[in-house]
Amino acid sequence: MPLAELLHEATGLPVTLLNDANAAALGETWMGGDETCSNGTAVFVTLGTGVGGGVIVDGRVLNGRHGCAGEVGHMPVKGHDTRRCGCGKTNCLECYCSATGFVKTANDLYDAAGDPRGFTEGKEVFDLVAAGESLAVQARDITVDYLADGLASIMCVVDPQEVIVGGGLSHAGDLLMEPLAERLAERVFPAVRGRYVLRRATLGNDAGALGAAYQAFQLLESLAGEE
């Protein structure tokens, strides 16, 4: 459905359209971190029920020809098992780095050890990571390895100033971000090592609204430039 076109026809106002993950990426880049990155290049990934993402280049959302750029969660990975993704493919990054994937990894490890736990939320596993329980730490490390590989691949393409991690799993804080920082530094192109910022998202549910507003400002500036 050409929603932007329909709204424009109904209201007579300029309309711009972007998806929630791209809006959040734009909002976080604009208002969530160092102001020097607001018109820069960033990779945003959100780790929730699925894995969403967005890529910002020179302060603008990278959409691609079909609006599918930045679909970080559907990068193919070489998995340690076979998992079906909601998109219909097997072994997408989302299968391993979402909260759902993380919980599955943990449950599989505990089941194989003869100690079934039936985890339903990532926080349950991270509580055990904080307590130093080895299988929970192993589940975290497996998840972080997949995520670091995926992010490093994207970074080789766009060379971002910032890599921003949001979503439910990011609430684990240093339990997630510290090992991710270490593994990402090992995997990135050597020329950019130590020359980017890896941080947690800060804006929460406001990120998408702010990103949509910023996209509107960009549209108005573009239209003004055409007059």
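Some observations on this one:
- Computing FRET efficiency as 1/(1 + (r/R0)^6) for GLU221 and GLU186, where r is the C-beta to C-beta distance and R0 is 45 Å, gives about 0.65.
- FRET efficiency, ALA209 to CYS68 (Cβ-Cβ, R0 25 Å, nearest 0.05): 0.60
- Relative contact order of segment 95-227, pairs being alpha-carbon contacts under 8 Å that are 6 or more residues apart, as %: 22
- In this structure, LEU17 and ARG84 have a Cβ-Cβ separation that, at R0 = 30 Å, corresponds to a calculated FRET efficiency of about 0.50.
- Segment 30-111, relative contact order [Cα under 8 Å, separation at least 6], %: 23
- Using only side-chain charges placed at the Cβ, +1 for Lys and Arg and -1 for Asp and Glu, the dipole size of the chain relative to its Cα centre rounds to 520 debye.
- Among (i) 16.8, 52; (ii) 19.7, 68; (iii) 18.8, 70, the entry that matches Rg and Dmax of the Cα atoms in Å as calculated here: (iii)
- Overall form of segment 1-85 per C-alpha gyration tensor (a/c, 1.5; a/b vs b/c): oblate
- Cα gyration tensor category, rounded, prolate or oblate, for segment 7-55 with a/c compared to 1.5: oblate
- Segment GLU133-MET1, length gained on full extension (0.36 nm per residue, minus Cα span): 42.6 nm
- In degrees, nearest ten, helix 174-187 long axis to first principal axis of the chain (Cα): 80
- The residue list ILE142, TRP30, ALA185 was ranked by how far each Cα lies along the charge dipole of the chain toward its positive end, using unit charges on Cβ atoms, and ILE142 comes out on top.
- Fraction of beta bridges assigned by DSSP in the chain that are antiparallel (%, nearest 5): 55
- Rounded, prolate or oblate (a/c below 1.5 giving rounded, otherwise prolate when a/b exceeds b/c) for segment 164-208 by Cα gyration tensor: oblate
- By the helix-only formula, in which each DSSP H run with n ≥ 4 contributes -39500 (n - 2.57) and the sum is divided by residues, the chain has a 222 nm mean residue ellipticity of -14500 deg cm²/dmol.
- Of THR29, THR90, THR143, the one that fluctuates the most in a GNM where the chain has Cα springs shorter than 10 Å: THR90
- Net length gained if the chain between ASP111 and LYS123 were fully extended (0.36 nm per residue, minus Cα distance): 2.5 nm
- Contact order for the chain, expressed relative to its length and based on alpha carbon pairs under 8 Å spaced 6+ residues apart, stands at 27 percent.
- For the pair segment 76-112 and segment 137-212, the centres of their Cα atoms are 18 angstrom apart.
Read-outs throughout are calculated quantities, based only on the coordinates presented, and are distinct from any laboratory measurement. Being a predicted model, the structure only gives us computed values, none of them experimental. Cβ sites come from the backbone with ideal geometry, for glycine too, and all protein chains shown count toward neighbours.
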